[in-house]
Each structure stands twice: as C-alpha cells, then as structure tokens.
1. Give me the number: length gained by fully extending residue 326 to residue 64, i.e. 0.36 nm times residue separation minus the C-alpha to C-alpha distance, one decimal in nm.
2. What is the Cα radius of gyration of the range 220-333 over 2.2 N^0.38 Å, N being its residue count?
3. Using 0.36 nm per residue, how much length does the chain from residue 105 to residue 57 gain when fully extended, once their Cα-Cα distance is taken away?
4. Using only alpha carbon pairs under 8 Å that are at least six residues apart, calculate the relative contact order of the chain and give it in whole percent.
5. Can you tell me the order of 115-128, 207-220 when each peptide is scored by its average per-residue count of other Cβ atoms within 10 angstrom, highest first?
6. Where does each of 170-178, 256-264, 40-48 land if you order them by average Cβ count within 10 Å, highest first?
7. Only residues of the range 254-273 count here: report those whose backbone N is under 17 Å from the spot 7 Å along Cα→Cβ of residue 312, or say none.
8. Are any of the pairs 37/145; 227/276; 37/263; 145/251 more than 30 Å apart by Cα-Cα distance, and if so, which?
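What follows draws every value from the coordinates through simple rules; no lab data is involved. All of these numbers come straight from a predicted model, not from anything done at the bench. Please note: Cβ atoms are built from the backbone with ideal geometry, for glycine as well, and neighbour counts cover all protein chains shown.
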Amino acid sequence: MSYPLYPWQGEPWRQLMGNAAQLPHALLLTGAAGIGKRRFADRLAASWLCESPDRAIAPCGVCDACRWFAAGNHPDFRVLAPQDPEPEPSEDGKPAKKKSALITVDDIRELGDFVNLSAHRGGARVTLVYPAELMNTAAANAFLKTLEEPPQGARFILVSHQWRRLLPTIRSRCRVFPLPTPVPEQAAQWLGEQGVVNPLLHLAHSGGAPLAALDDASAEWLPWRTKLLDGVANPGSLDVLAIAAEFDRAKVEMTLIVDWLQKWVHDLVGYSMAGKVRYYPDRSEALARLAPRAAQLPRFAERLIEARRLATHPLNARLNIEALLYDYLAALKGAGERR
Ligand SMILES: [Zn+2]
C-alpha cells in the first residue's frame, strides 16, 4: 500500500473518505508543522487519481495512475510550492540571485494552464498547494479566482501549518479539515518504533509534533541549537558578535534560529508565571535561574513573531542575528537584578 497513514491519522482518513462523494472541490488540511499533513495530502491526491475501485480506502499502488504518481510524473497532478530557496550558481561569479521563497503570481499563472486543460486520464486534475500560507498576496488573489470558478474535474488540496495567515476569502472557499497532533503516548510509541531514544524529550523540543521530533533526534543542526541555547542560557558570557558571525558562516537557517529563540522565551515566560516548562525540560535549571528576569520578555516575544515573518526574506543574516540577541539581552537587563 502506498502512502501509509501515521497511526494517529486512521480516524481522520476514515472520516474524510467515509463520504467521499460529498467532498467539495477544495480541501484545506490544517494542523501543526511536523504531524504528517504532507503524507496525508499525498495519499489523498493519490487516491483521487487512483483508477482502482477501492481507492476510497487507499490508493492501490499498482495501477498506472498510482505508479505515475509515485514516480512524480502523473500528468494530472501538480504541486504548487515555493521554489527552492537555495540560490542558483551564477555563471559570471557574481552573487547568485535568490529564487523566491514564496509562491508567486507567476506560479499561479503557470498553474492556470494546467488546471484549465482537460484531464489526460479523464478523471480528476489535482493540485496540491504546500504550504498554502506561503502564497504572497498577489498569488493568493490570483489563486482565489481559480478556486471560485473551478473547471470541471479540478480538485485542490491546500496544506497549511498556519492557516490563519491565509486570505479569509480563500479559507471560505475550502472545507477546512484539521489533522490531529497525537497524544504524547502515541507519538512516543511511534518514535520508539523509529529507533528514537528518549522520545518524550524530543517531543517536548518539538511541541508534541512527532515528525518534527524525529528530526529533532537526528538533525544536522542539533549542535547549532545546543550552541545557541548554551549562549542564551548564560547571558553574562554571551558573545553576540561571535555567535552571529559563526551562525552566518555556517548558514544556519534563520527560521530555525527564530524557532529556537521563540521556544526558549516561551519557556522562560512560562516558568516565571507558572513554573511550567514546555519545550526544554532538559534546561530547567537555567530556566529557573533566569525566570526572575523574564518580565520584559513578552515584548521580545512579539519581536520574534515579526522576525519569524521576515525569516524567509533575504536580509543580512549576521546583522539580523546580532540584533535579535542584543534585544534579548536588553530585555533580560530591563528586569530583575543586574548581573
Ligand atoms: Zn491505483
């Protein structure tokens, strides 16, 4: 069977496919990052394209349609995603121009050609938008037109980690279908089966999202997170310039850095207000030590939300990291005792 569901997805799948005939032409799959929405979406797309009679239970995996889909060349399937944000090598040695990290209106125009053609196999034409919140405003408006007047047979699966960032007009054109984050016991069991040692700790680091936790147990960026957390846990000896330069050289992704900082600040504020640690239980000693100085951190947390929004923009990473860490130090200094 292709695209097996994760253990926590069986019930939602049955719910969705139980009345497959009633499904609207556009579905919006929502839920936290790292819970397996993409696999669910792929399975759904595959089963819409599958040519076996049992496709509502699962795509058969052996018909022509399923084999093309698995090979990534089914003619009636498109993925709309941001282009690879890695810069292309340039021929003349100049700094390469970055491709867009967003879904742009040009992408939507190309999609129009696909959507408006009749299906090669006479069945559905399926478009997967992943992640949907990365459509810029112009793209979202252009896409809305496609959603409003869908050609016969066109079906859309939108996947979003942050669906509230979508245009309300797009949301209202879709059936919103939330996918669950599993309870920790179920997630930990699955992680154990994947060979993860200490699954509950990795789940905490990842806010309970099992695929993110799997990543957390083996990601190549782990030493960088350790370094950053060591730094912010010891503000008195935090060398902002050195860390920023080092992270910039290593091209540590800004989205990761902001994510680690957001979780750290969340824990500091949580500890100071309720003695609670959500993400970094392995750092509770440092959290307890710094929590009395957390009064100004909620404002810094707002700053991080903005930084997260801008993290995919091509800003100067080194200056950006420096500014964030200096703001963090200033927020700590603004409250509680000076060191
Ligand atoms: Zn099939």
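1. Numbers: separation 262, 0.36 × 262 = 94.32 nm, distance 5.73 nm.
Contour length minus the Cα-Cα distance gives 88.6 nm.
2. Values: Rg = 13.2 Å, N = 114, 2.2 N^0.38 = 13.3 Å.
Relative to the rule-of-thumb radius for its length, the range 220-333 sits at 0.99.
3. Values: separation 48, 0.36 × 48 = 17.28 nm, distance 3.57 nm.
Going from the current span to full extension adds 13.7 nm.
4. Working: 475 pairs, mean separation 55.2, N = 339.
RCO, the chain: 16 percent.
5. Details: 115-128: 16.6, 207-220: 18.9.
Going from most to least packed, we get 207-220, 115-128.
6. Averaged packing, sorted descending, gives the order 40-48, 256-264, 170-178.
7. Within reach of a label on residue 312: 254-259.
8. Working: 37/145 25 Å; 227/276 23 Å; 37/263 22 Å; 145/251 38 Å.
Exceeds cut-off: 145/251.
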